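**Q** One structure coming up, written as structure tokens, with questions to follow.
What follows is calculated from the coordinates using simple rules that are stated; it is not laboratory data. Model, not experiment: these values are computed from the prediction. Backbone-built Cβ (ideal geometry, glycine too); neighbour counts: all protein chains shown.
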Amino acid sequence: MIVRTLREYRRALVGWAVGISAFLAMYVGVYASIRESPETYSQAAVAKYPGALRDLMGGLEDFTTGTGYLQSVVYQLFVPMMFVFAALTVANRAIAQPEEAGTLELTVTLPVDRRRLVLDRFAGLVLGLLAAAAVTFLVTYGVAQTIEMGVPFDRLLAAHTGVLLLALFFGTVALAVGAAVGRRAPASAVVGGWAVAGYVVVTIGRNVDAIAWLKWVSPWHYYLEGKPLSTGWPWGDYLVLAAATAVLLLTAVLSFDRRDVGV
Amino acid sequence: MSAMTAVVQAEGLTKYYGRRRGLEDLTLEIQPGEVFGYLGPNGAGKTTTIRLLLDVIRPTRGLVRVLGEDTRTPAVRNRIGYLPGELALEGREKAREYLEFLAKVRGGVPAARIDGLAERLDADLGVPMRKLSKGNKQKIGLIQAFMHEPEFLILDEPTSGLDPLVQQEFLAMVREVRASGRTVLMSSHVLAEVEHVSDRVGIVRGGRLVAVENVAALREKAVRRVELHFDAPVPREAFEGLPGVRDLRIEGASLRCTIDGRPDALVKAAAKFTVVHMVSAEPDLEEIFLTYYSEAS
Ligand SMILES: Nc1ncnc2c1ncn2[C@@H]1O[C@H](COP(=O)(O)OP(=O)(O)OP(=O)(O)O)[C@@H](O)[C@H]1O
Ligand SMILES: [Mg+2]
């Protein structure tokens, strides 16, 4: 069942992995020219992104150093967001999409426990995202090495692991909503809404007292806070993400086991 | 498990979709070795019943056991072959690969059996599934239902989309299943599709099982149309009031009527004249069936 799940995910995964890799190669590569003329670029950036918008981009501090550049341009928003949407697309293929297409009916009449089915689908999601993360990590590391960016292997690995955990969390959100209601639209809405609002809360919202506390329910907080590129593995934060994912998985298993399929 | 454990045991089985009624208070037993035809018009509750038997949906009330087991037990589904009423086969995957996957999950099926079934039904397994026509998808559905030689076949509108030749082949497959002592539940809108292979038929309407009939008994009750042609005009009085004769119409030298039960009285009355030609249609079970339909409404 896991093998088949991976097959079903394959096209979406390969597409996203290639896309994200290309993005990474390009953006990391651009750093070479930024390093050549740091003043021009940092001023241009400050001019281009004033005030709140700069907050939204994560501050854009010091992006002329290798670490700073990776943090603010690559790992701040674009790559994790792309990974989140990759996870959403893949997770929607677990239950919601086959249920809408009507193919899930025959699957649940196989001699396989419903709980097992959800777990296998989740395992496929983990393995698929892991593969995509591994490929994109190697691309990033490769390009960073080539242009001598000076970012240590384990720091980069820590940052990339954060991306994986964040994507897995949102993927599991989609899986859980799909398992509960069997439709893609609500799953996409929940993930899209939570991901975007969560990001805004930890960036712009940081300075707004009224909503600052909301960061605790934003997965982005646990992803961004630890600054793994400059300080190494933020174990505590990552553990929170992993634990939240486990809880979501449990709700997915329980809700799918209880309900009618295809109604 | 004793040999006499009913294959299907439903008691007060009820399913509501929210406030919509799907099935109300179904009590039914299907015995091993039986072919049960499950008949009813659109929206009657056939698919609802079948999905309940397979644990795709859960009952609102009532009890249901299949092959002596709780329907929630995953292992019991390995002893069932299921053809969904709304079969969906999609994707780039070839039919053969999908069948191999299903076979593997069900504990393995010899490749030769899949090929044999494909040949009988004239199914092409090398085509991506989304490119198959409706009837050809149905064939794939039938192959996967039959291939692991399950004890109990549940077929929701199995003949829909099949051409007459393939329908005949399918009915032959059902007869073989019955001959080997296994059990079949198949749904349909029309009795004609199932009457030649079914031992019993159940008629469901508006979510309620309104009749369960033995097909042989149904045939006995069946109305027969008879036409007699004589060498000269016959008097109406000679045939009026004969037991079992209804809808009598005499036009010159020909007589038309329907017969309820035995044709004996009519034959004896006709013997007084010279009969040149006689036509007696197959008992029309459909007609009885339709009277159930109209009675219940
Ligand atoms: N998912 C659903 N949500 C709400 N109502 C439903 C659902 N599925 C079926 N029903 C209702 O339950 C009743 C029985 O439907 P069912 O599909 O069992 O009929 P059927 O006998 O299989 O009909 P058909 O011959 O058209 O396949 C119908 O009134 C239908 O509208
Ligand atoms: Mg139906």
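**Q** Based on Cβ point charges of +1 for Lys and Arg and -1 for Asp and Glu, what charge dipole magnitude is obtained for the protein assembly as shown about its Cα centre, in debye rounded to the nearest 20?
**A** Using Cβ point charges on Lys, Arg, Asp and Glu, the protein assembly as shown gives about 700 debye.
**Q** For B:Thr183, what is the net charge nearby, where nearby means another residue's Cβ is under 11 Å from its Cβ and Lys, Arg count +1, Asp, Glu -1?
**A** Every neighbour counted, the sum reads 0.
**Q** Could you tell me the calculated FRET efficiency between B:Thr27 and B:Ala217, based on Cβ-Cβ distance and R0 = 25 angstrom, to the nearest 0.05?
**A** 0.80
**Q** Only loop residues by DSSP count here, and only those with at most 14 other Cβ atoms within 10 Å; note down the GluC sites (Glu not before Pro) in the range A:95-190 that meet that.
**A** Passing both the DSSP loop test and the Cβ count: A:Glu148.
**Q** Taking neighbour counts of Cβ atoms within 10 Å as a proxy for exposure, in what order, fewest first, do A:Tyr31, A:Tyr223 appear?
**A** Lowest to highest Cβ neighbour count: A:Tyr31, A:Tyr223.
**Q** Looking at chain B, which longest stretch skips every one of the trypsin sites (Lys or Arg not before Pro) that is in a DSSP loop with at most 14 other Cβ atoms within 10 Å, leaving the sites themselves out?
**A** The longest such stretch corresponds to B:93-271.
**Q** Could you tell me which of B:Pro110, B:Leu23, B:Ala232 has its Cα farthest along the dipole of chain B towards the positive end, charges placed at Cβ (Lys, Arg +1; Asp, Glu -1), taken about the Cα centre?
**A** My answer, from the dipole projection, is B:Leu23.
**Q** Could you work out the relative contact order of chain B? I mean the mean sequence separation of Cα pairs under 8 Å and 6+ apart, divided by the number of residues, in percent.
**A** In percent, rounded to a whole number, it is 20.
**Q** Still on this model: Using the 10 angstrom Cβ neighbour count as an exposure proxy, how do A:Thr231, B:Thr258, A:Thr103 rank, fewest first?
**A** In order of increasing Cβ crowding within 10 Å: A:Thr231, B:Thr258, A:Thr103.
**Q** Taking every DSSP beta bridge with both residues inside chain B, roughly what % is antiparallel (nearest 5)?
**A** Looking only at bridges with both residues in chain B, the antiparallel portion is about 70 percent.
**Q** Quote the charge dipole size of chain B about the Cα centre in Debye, to the nearest 20; the model charges only the Cβ of Lys and Arg (+1) and of Asp and Glu (-1).
**A** 940 debye
**Q** Of B:Thr71, B:Thr27, how do they rank once you tally other Cβ atoms within 10 Å and put the fewest first?
**A** The fewest-first ordering by Cβ neighbours comes to B:Thr27, B:Thr71.
**Q** I'd like the antiparallel share, as a percent to the nearest 5, of DSSP beta bridges with both residues in the protein assembly as shown.
**A** Working: 38 of 55 bridges.
Once the DSSP bridges in the protein assembly as shown are tallied, antiparallel ones form about 70 percent.
**Q** For n ≥ 4 DSSP H runs only, could you compute -39500 (n - 2.57) per run for the protein assembly as shown, divide by its residues and tell me the 222 nm figure to the nearest 500?
**A** Mean residue ellipticity at 222 nm (helix-derived): -16500 deg cm²/dmol.
**Q** Mind checking Rg over Rh on the range A:159-215, alpha carbons, Kirkwood formula for Rh?
**A** Result: Rg/Rh = 1.07.
**Q** Partner chain Cβ atoms within 10 Å, averaged over the residues of A:105-117 - can you pull that number for me?
**A** For this peptide, the per-residue mean of nearby foreign Cβ atoms is 6.
**Q** So for chain B, taking the charge dipole from beta-carbon charges (+1 Lys/Arg, -1 Asp/Glu), which of B:Leu121, B:Ala271, B:Ile143 sits furthest toward the positive end?
**A** In chain B, that residue is B:Ile143.
**Q** Let me ask something else about it. Quickly work out the B:His189-to-B:Lys104 label distance, labels modelled 7 Å from Cα along the C-beta direction, and quote it in nm with one decimal.
**A** 3.9 nm
**Q** Which whole number gives the average count of other chain Cβ atoms within 10 Å of the Cβ atoms across peptide B:96-104?
**A** Per-residue shielding by partner chains comes out at 2.
**Q** Mind putting a number on the dipole of the range A:132-258 about its Cα centre? Charges go on the C-beta only, +1 for Lys and Arg and -1 for Asp and Glu, and I need it in Debye to the nearest 20.
**A** Charge dipole of the range A:132-258: 320 debye, to the nearest 20.
**Q** For the protein assembly as shown, just list the percent of Cα-Cα distances falling in each 20 Å bin from zero outward, please.
**A** 18, 36, 25, 14, 5, 2, 0
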